[in-house]
Structures are given as structure tokens and as C-alpha cells.
Amino acid sequence: MTSLKGNFLIASNSLADPNFVRTVLLMVEHSETGAAGVILNRPTGATIAEISRKVFNEPDDWDKPIFLGGPVPGPLMVLHAVEALSDQSVIEGLYTTIDPDKIQELIQLRVEPSVFLANYAGWGAGQLEMELAEDSWRVIPADSSLALEGGDASLWETLMRRVSANLLAGALGLPDLPNDPTLN
């Protein structure tokens, strides 16, 4: 089994689960025992200012959005590029943190680029592989700059164009088709 950690999963048009329609996930774990990722394009409307007051009992006016990382309840997670405040590396230059003390420091420093996520997406052993076999997801290597942007529906559209360009290049036997064919 090849681990998908460090890849984007892009929901295919055939994926009907309302939790994942037109979503882009960053895979943060994947092994024989299961997988975990976070949705990058579902802003919640909540902000860091609200969390700082409620969780850390500190006033803050940072209106940075918090994203819904998935349907599975879990801790607040931050994607960022500060290795010293990380719990885990996802790909080179992209880290996750769930440790509350490190998250509090990331907030105090107003670290950018960063994405704050509540909850996550999880799969049991073999479940993700079954969904991949059903063509529910498209897989491409993660790009840290795109992962750290956070986003909305346009992120899904951008990455689906990239997937389509890669499929076309493969079908035509072209090794280096640009990510955006309109730039050709």
C-alpha cells in the first residue's frame, strides 16, 4: 500500500456524500489501519478572535477564519510553515499542530500563512481504498502554498482543472502539460 499522506484528495463529481461534495482534502495520515485528512475549502464563519476568547480566555481581534476540517469531531488543528511549533510534518515545509499551547503561540504570533481547522475526515482500515476504487476521489501531490491558502469552492475548481490537465497529458502521452492549459 502506498501512503497518501501529503496528497490532496479532490472529490469527484460522482461523490454524493454531502460532507464531501466539491471538497479538497489534505491527507495528514494514511496507513493500513486507516486514514485522516482535513477539508481545506469549507470556511465556517467562526474566527480566531472568537476561539481566543472562549478557549484561551484571551482577547484577540484576529478575524482569521476557521475552516470545517471534516465531519469527525476532533481538536482544533493548524496547518502552518513553522517547524518549531509543529507536532507533525505533512510534506516539506508544511506542518500540523494540535497542541493547545503551540496553537496559542501561533495565534499570539499571528503566524501566516496558516489555516485553522475544526474537526477532521477519517476512514477506517480499507475504507478510503474502497472509495478510491469507486472513483470517488482524485489524488494529486499536495502543494504547500495551496494548502496554506485555505479556500472556498474555487479551490476545488482549480484543482479539478489540474487533474483534468494531468489526465489529458497522460492520454496524449505528453509529459509536461501545464497545470492550467489556458496558459499554453
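The values are calculated or read from the model by the stated rules, or taken from the named source; none is laboratory data. Only a predicted model underlies this, so the values are computations on that prediction, with no experimental measurement involved. Quick reminder, even Gly has a Cβ in these numbers, built from the backbone with ideal geometry, and neighbours come from all protein chains shown. Protein only, heavy atoms only, side chains kept; ligands, DNA and RNA dropped before computing areas. Shrake-Rupley method; radii C 1.70, N 1.55, O 1.52, S 1.80 Å.
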Calculated log₁₀ intensity ratio I(q)/I(0) where the Debye formula runs over C-alpha points of region 1-84, q = 0.13, 0.15, 0.16, 0.19 Å⁻¹: -0.53, -0.68, -0.76, -0.98
Rounded to whole Å, sorted largest first: equivalent-ellipsoid semi-axes of the chain, Cα gyration tensor: 30, 18, 15
Cα centre as origin, Lys/Arg/Asp/Glu Cβ charges: region 1-96 dipole, Debye: 300
Amide proton proximity set for residue 5, modelled H, under 5 Å, gap of 5+: 30
Alpha-carbon Debye profile of region 54-160, log10 I(q)/I(0) at 0.20, 0.24 Å⁻¹: -1.21, -1.51
Probe 1.4 Å, protein heavy atoms only - accessible area per residue of the chain in square angstrom: 51
For region 52-109, Kirkwood radius (reciprocal of mean inverse C-alpha pair distance, Å): 12.4
Exposed-site-free run, longest, the chain (rule: chymotrypsin sites (Phe, Trp or Tyr not before Pro); DSSP loop; at most 16 other C-beta within 10 Å): 63-184
Within region 82-112, GluC sites (Glu not before Pro) in DSSP loop having at most 13 other beta-carbon neighbours inside 10 Å: 92
Stretch gain in nm, segment residue 154-residue 31, where the contour uses 0.36 nm per residue and the Cα spacing is subtracted: 41.3 nm
With every protein chain in place, the chain: carbon and sulfur % of accessible area (1.4 Å): 53
Net length gained if the chain between residue 108 and residue 129 were fully extended (0.36 nm per residue, minus Cα distance): 3.6 nm
Fraction of beta bridges assigned by DSSP in the chain that are antiparallel (%, nearest 5): 90
